[in-house]
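Asker: Before anything else, here's the structure in question.
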Amino acid sequence: MSGQLRLAFMGSPDFSVPILGKLIAAGHRINAVYCQPPRAAGRGQKQTPVPVHAYAEARGLEVRTPESLKDTAVQEEFKALDLDAAVVAAYGLILPKAILDAPRMGCINVHASLLPRWRGAAPIQRAILAGDSETGVTIMQMDEGLDTGPELMRESVAITGETTGQSLHDTLAAVGAALIVKALDGLEDGSLTPRPQPEAGVTYAGKLHRSEARIDWRRAAPEIERQVRAFTPWPGSWFEQGGARLSVLGLEVAPGAGPPGEVLDDALLVACGDGAVRITRLQRSGGAPMGSEEFLRGRPIPAGTRLD
């Protein structure tokens, strides 16, 4: 390592936690941690800190949770930290120019895609949904655009037929944690030079919405299969049957054809807009996850049933 750097870390969800941990383990000085403010959560709507907040506080780090970085006083407090760099990983707030310009080496972002593909909020899930064969992590120097800054380093990760939103999230978090340490070393010793992102191949990863979770049987079977994997664990995938919401936890593309949403046999083979899928694992609202065979013993869904 080139030396101990004075850093701020800016991140909020689970994805960011291993990255902060790796920076601490590498010996860098974390002068402050910025994350989203606590939010109401659970049945009691208790104010709950985001994962980075809880992790940083448990390690005795100073945590700051401004609602916005546009306030001049907040910007002056940030500038007063006298930072070498700020590391940003899924923070969730826009960084104004005054924040971007304050650290000596600028603000460095850990982004979960191979930029310029999948700029934006949900690159992990969008890559699976689109059927991409690979994704990865890009370390970039931030500018005022949406994930448009020059690239410092990248590393690719394969997407397979077994990849879920959760498994890819965990893999990319670990890759990003290792990569940011190398990038900071390279910036500090001058061996790493930022290079502009390619102009071709730009796509945008829009924020995930709960409304996307409902399965539309009119879509092609491979699209529905990718949806189930991409939306594991959130926002999940579901359909309604007999007034009950059933979450689909696993399915596979299988031979079959029929009107979209029609059950083609007694083992949950369902016709899609093109092809068919067999549901292998599901969960009734409020119930336990089950394999389809076990589920159907108690609640048969016979051939000819039309799923909502």
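The values are calculated or read from the model by the stated rules, or taken from the named source; none is laboratory data. Please read all numbers here as calculations on a predicted model, not as lab measurements. Note that each Cβ is placed from the backbone with ideal geometry, even for glycine, and that neighbours are counted across all protein chains shown. To get the accessible areas, we keep the full protein, side chains included, count just its heavy atoms, and leave off ligands, DNA and RNA. Shrake-Rupley method; radii C 1.70, N 1.55, O 1.52, S 1.80 Å.
Asker: I'm trying to understand the selection: among the residues of the range 19-54, which are within 19 Å of residue 181 (Cα to Cα), open to solvent by 30 Å² or more (accessible area, probe 1.4 Å) and assigned to a helix (DSSP H, G or I)?
Answerer: 22, 24, 25
Asker: Still on this structure, please answer the following. Test of understanding: among 124, 139, 180, which residue is touching a Phe, Trp or Tyr at 6+ places or on another chain (Cβ under 9 Å), under 28 Å from residue 24 (Cα atoms) and either of a type in the set (A, V, I, L, M, F, W, C) or free of Cβ contacts under 8 Å to residues at least 12 places away in the same chain (or both)?
Answerer: Details: 139 fails: touching a Phe, Trp or Tyr at 6+ places or on another chain (Cβ under 9 Å); 180 fails: touching a Phe, Trp or Tyr at 6+ places or on another chain (Cβ under 9 Å).
The unique qualifying residue is 124.
Each row is one residue, and each column tells you yes or no for (1) within 29 Å of the chain's Cα centre (by Cα); (2) open to solvent by less than 50 Å² (accessible area, probe 1.4 Å); (3) not polar (S, T, N, Q).
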| position | (1), (2), (3) |
| --- | --- |
| 209 | yes, no, yes |
| 226 | yes, no, yes |
| 276 | yes, yes, yes |
| 295 | no, yes, yes |
| 300 | no, no, yes |
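Asker: Specify which of the listed residues (71, 84) is charged (D, E, K, R) and open to solvent by less than 40 Å² (accessible area, probe 1.4 Å).
Answerer: Details: 71 fails: open to solvent by less than 40 Å² (accessible area, probe 1.4 Å).
Going through 71, 84 in turn, the sole match is 84.
Asker: Condition first: crowded, with 19+ Cβ neighbours inside 10 Å and in a helix (DSSP H, G or I). Can you find one or more residues in the range 151-167 that meet it?
Answerer: Yes.
Condition check ((1) in a helix (DSSP H, G or I); (2) hydrophobic (A, V, I, L, M, F, W, C); (3) on the phi < 0 side of the Ramachandran plot) across all residues:
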| position | (1), (2), (3) |
| --- | --- |
| 217 | no, yes, yes |
| 225 | yes, no, yes |
| 239 | no, yes, yes |
| 259 | no, no, yes |
| 266 | no, no, yes |
| 277 | no, yes, yes |
